[in-house]
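Report on the structure given below.
Readers should treat all values here as calculations from the given coordinates under stated rules, not as data from a laboratory. Not measured: the values here are computed from a predicted model. FYI the Cβ positions are ideal-geometry reconstructions off the backbone, even for glycines, and counts take in every protein chain you see.
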Amino acid sequence: MTQEYIATIGLETHIQLNTNTKAFCSCKADSWGDAPNTNICPICTGQPGALPSTNQAMVEKALMLCLAMNSDINMDSFFDRKNYLYADLPGGYQVTQNDRSIGRGGYFDFLMDDGREVRCHIHNLHMEEDAGKTKNEGNIRLIDMNRCGVPLVEMVTMPDLHSADEAATYLTRLRQLLRWLGISEANMEKAHLRCDANVSIAPKGSTELGKKCEIKNINSIEAVRMAINYEIERQIREINAGNKIEQWTIEWDNDTQELRKMRSKETAADYRYFREPNLMPVHISEEFLESIKNKMPELPIQRRERFISEMGLPSYDATVLTADRDTSDFFEAVCNIYDGDNKRVSNWMMNEVLRITNETGCAVSELKITAQDLADIIHMVDQKTINTTTGKNLVDMVQSSGKRPQLLVEEHGLGLVSDDSAIRAMCTKIVSDNPKEAASYRNGKESLIGWFVGQVMREMRGKADPEKAKAILLELLKAD
Amino acid sequence: MTELIELSAVEQAALIREKKISSVELLEATLAQVEKVDGRSGSLEPYVEQPEDLEKVHAFLLIVRDHAMAKAKEVDRKIAAGEPVGALAGVPYSAKDVYCTKGIRTTAASRILEGWKPPYSSTVIEKMDQADAVLFGKVNLDEFTFGGTTETTAFKPTVRNPWALDRVPGGSSGGSAAAVSACEGAISLGTDTGGSIREPAAFTGIVGLKPTYGRVSRYGVIPFASSMDTMGPLTRTVSDSAFVLKEIAGFDPRDNTTVRVPVDDYLADLQKGIKGLRIGISPDYLKITYLDDQGNYASAPVDPEIEASVWKAADLFRDLGAEIIEDVPMSNTKYSVPAYFVISRIEAYSNLQRFDGLKYGHTTQQSVKDMYDLYYKSRGEGFGYQAKLRLLTGMFASQEKFYEKYYRRAQRARALMRRDFDEAFNPQGKYRIDAILTPSTPSPAFRFGDAVASDSLLIQFADQFTTPMNFAGTPGISFPCGLSSSGLPIGLQITGYDYCESKILRAAFAYEQATLDADWRKIKPVVLR
Ligand SMILES: [Zn+2]
């Protein structure tokens, strides 16, 4: 009989905050696409005598994350020096928060794709500065200091996750949340969101945790899933082969998609932490905290719940429409203007608007079509000013021209003809032009009614109200 | 008329403003004095002592004649044109070589910074420039300010005391103190982490002010121990100290530890006198406390001449209308030296980590195996003995396993020392004092080599009376009060509460005015005789 194992996973994430300037100087924080060593100054390159100054925007964004994670806030937290010598750390120490960080504890609730809710507890959140980038070219080591001093939040979870799937979903939901809060671009490929995973296994039913291995340097959500699965499999293989799990540090090699052992047993480096004397404690006043609380948006998981319970959306729709804040805000705006069946708006959103965002790669907020436009189009369809097909085409026309839908309907003559006499004249013409089909119908092939309606619509280039045409045709075909 | 170079900065500035002399003229006179008394500048070249070296001061590492001349001419032009000028317009000054000066070599008296020209200037240098003072040179110091004698500099010959050329000028602002004492400029900017302004001021018979931590920006000054470093002036008169402080004090957005407390008009305030000022004297500042071989606290008296000068000054202050409060307890003073050792070394070690021989300064010319080998060799060659000692002791004391034993305990001692000040100065408390009068140092200037070779407690604990203010963050001023029987200057210290520079300047000024005609004031340093 084979033993079943349960995996236990804790994640350490580094989140690059999207502040304009760096953590402790006024250099531009985001250097994506910039030449190396162009966003630097005496402070972030560790010139003798230069001093750091705390960027308040970093504190604000870190605080928002603490609130979103239900963490306890330290109203006075401290910056410490983490001392180590490396070429991409120009000061010889990293400014970070060690024993009294801005946030302690808390939890993050998120939904798995099957609807199951998972609660992952947070150990702590702290602010710190990033180091520079090192690139090896042959024997030469190149240092880019653009990234030195970029603000990060390091967030460490408790070992609450139990599968690669849960870990990957945690990251997906975290990424969604970070963008939702507007505090990080959270692009893993650009290393705005970095992840290390601690993985251990234990026999099912056992209360003791196994020895954990740390996987470093995982740079995409798919890689997180693969790396953790490989590691769980490796640990099971080891145990089944009668070996003990040793405390390794493992690196994920993205090129070969393999795990590679970096070193056995973490030799606990001594970072000689002590308070950074150049910075005052980070004091958060009650007023400041209150102002940030007031700024906090409704979180995606709460909004999804409200879309279901208050707006009557199916859970699938609610998930899709809360994938990002833009889409969700747009949807709500349309609903407010439209003031009708929210599910009907949801269908238009998912079928038309999200089709365009998928095709163009634009965010909803970048589209030319506005919430008012979409509400107007749905209204026109409801009032039979246009038919559904025209409505769908109109979405694309608004998007490509930027013109208002009413204007486009007028310009292109897209309005439905609801004038009975015009439709009646066309129906009469179609019936008399097609005596064979009329005969077949009358002989009982009633499915031909659709063909007749189609002919009328084609002749009238879609402008006829199909319901009206059908009624007239039924009358004409019966009458003879 | 007294020679231009002997005038105070206040007097020099007045003459320039009144167009009685030009800034260029004053600069020429100052440079001539340097030429006359300073001898060769300290350098990194292998040092072979020449007989004439023993007769000179050697305060300067670098004279920036062209830079200074351009500024002096600009000041003269502005004054001639009737344009507004800063308070210190045309007054030449020097700066300890830890103040970063844009485009001008800055060494911290260490080989590790060889050839470095800072890409920016420190805030204080910028403020002095805005006040139209004329920077004409950078002066020697203990390497990275690590020392109290200026002997640890990598740039030899080191500075000699203008009063006794076989003695040290004190340190680490020894170059500043010697330069001002020898009339090579009326002002020099120093730094004080444990007494590095006040001790050399006392040893060379001049005035040294250590402002409150946070009063003067540290931005752009190469740090020793960042939680204690303060920047201040060394001058020959108390008025000059007030004059300069007014210009360099204030909030700086680039230094998070500066504060928005208003800057007083220190110079004008001097005239307010000291009637009713409550000046404390503490028995804890009249003895050296140390741990004996058994690990028990023991104490030794300060030099009797020095103790006598404290009591004599107390009498004078009383005559001038101050109240003297004796027996103010400052019982935690005894922790200052050991706690200072721990905290200053841990911070110093961390602050020295950025000097890796890669980004700036000295890079080894030996072949290297890898990056760490490059660090090892560059730092091995670049740092002097004292810097290495502080690095090693700092690394030792900062180990995580010793965190409680050293760093935390030292921080607690620091808090206790702070409490001594809070209680003594508490306006509702038992003592309600405005200032404390102490010796600046337990003894006058010692001989070269004694700081290392001598086992004299007075030398080993030379900074016991000055480090508590760096711990507490409070201001202190050392001012001359006479000469010892062997003709060496003696300094007294007045220390006050946070941001009360105005009060301690007033007290020192009152003392100075009351002793203007004292016989000892007529005696000049040997290099000026
Ligand atoms: Zn910068």
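For the pair A:Glu222 and A:Ile308, a Förster radius of 51 Å applied to the C-beta separation gives a FRET efficiency near 0.95, rounded to the nearest 0.05. Each other residue within a Cβ distance under 12 Å of A:Trp451 adds +1 if Lys or Arg and -1 if Asp or Glu, for a net charge of +2. From most to least packed by mean Cβ count within 10 Å, the peptides B:180-188, A:219-227, B:310-318 give B:180-188, A:219-227, B:310-318. Distance from the alpha carbon centroid of region A:371-402 to that of region B:308-348 works out to 85 angstrom.
Under a model in which nothing but the beta-carbon of Lys, Arg (+1) and Asp, Glu (-1) is charged, region A:245-290 shows a dipole of about 420 debye around its Cα centre. Altogether, the Stokes-Einstein calculation at 20 °C and 1.002 mPa s, with the Kirkwood radius of chain A over Cα pairs as Rh, returns a diffusion coefficient of 80 µm²/s. Each Lys or Arg adds one and each Asp or Glu subtracts one; over the other residues with Cβ under 10 Å from the Cβ of B:Lys36, this totals -2.
Structural descriptor for region B:54-138: relative contact order 40 percent, calculated from alpha carbon pairs under 8 angstrom and at least 6 residues apart.
If you add up the charges near B:Thr515, with Lys and Arg at +1 and Asp and Glu at -1, over every other residue whose beta carbon is less than 11 angstrom from its beta carbon, what do you get? Here the charged neighbours net out to -1.
Relative contact order of chain A: 13 percent, from C-alpha pairs under 8 Å at least 6 residues apart in sequence.
Contact order, relative form, for region A:298-412: 21 percent (alpha carbon pairs under 8 Å, 6 or more residues apart, mean separation divided by residue count). Over chain A, dividing the summed -39,500 (n - 2.57) contributions of all DSSP H runs of at least 4 residues by the number of residues returns a 222 nm mean residue ellipticity of -12000 deg cm²/dmol. Given R0 = 41 Å, the distance between the Cβ atoms of A:Arg116 and A:Lys261 translates into a calculated FRET efficiency of 0.75. Averaging 1/r over each pair of different alpha-carbon atoms in region A:5-291 and inverting the result gives 20.0 Å, the Kirkwood hydrodynamic radius.
Please list the equivalent ellipsoid semi-axes of region B:157-267, computed as the square roots of five times the alpha-carbon gyration tensor eigenvalues, in descending order and whole angstrom.
Working from the Cα gyration tensor, I get semi-axes of 25, 16, 9 Å.
With a Förster radius of 60 Å applied to the beta-carbon distance between A:Asn336 and A:Glu208, the computed FRET efficiency rounds to 0.65. For A:Glu251, the residues whose modelled amide H falls within less than 5 Å of its own, excluding neighbours fewer than 5 places apart on the same chain, are A:Lys216, A:Arg260, A:Lys261, A:Met262.
Per residue of chain B, the DSSP helices (runs of n ≥ 4 H) give a summed -39500 (n - 2.57) that works out to -10000 deg cm²/dmol at 222 nm. Only lysines eight or more places from B:Lys127 in sequence, or on another chain, were considered; those with a Cα closer than 24 Å are B:Lys19, B:Lys71, B:Lys73, B:Lys78, B:Lys96, B:Lys102, B:Lys117, B:Lys138, B:Lys210, B:Lys246, B:Lys503. Counting only whole DSSP H helices of chain A, the ones at least 15 Å long by C-alpha along their axis and with mean Kyte-Doolittle hydropathy no lower than 1.0 are A:56-68. Here the ratio of the Cα radius of gyration of region A:1-66 to 2.2 N^0.38 Å is 1.77.
Among the lysines, which have Cα under 16 Å from the Cα of A:Lys403 when same-chain residues fewer than 8 positions away are ignored? Reachable lysines: A:Lys368, A:Lys392. For chain B, hydrophobic long helices are taken as DSSP H runs at least 15 Å long by C-alpha position along their axis with mean Kyte-Doolittle hydropathy of 1.6 or more; none is present.
On alpha carbon coordinates alone, what is the Rg over Rh value for region B:363-402, Rh being the Kirkwood radius?
Value, to two decimals: 1.10.
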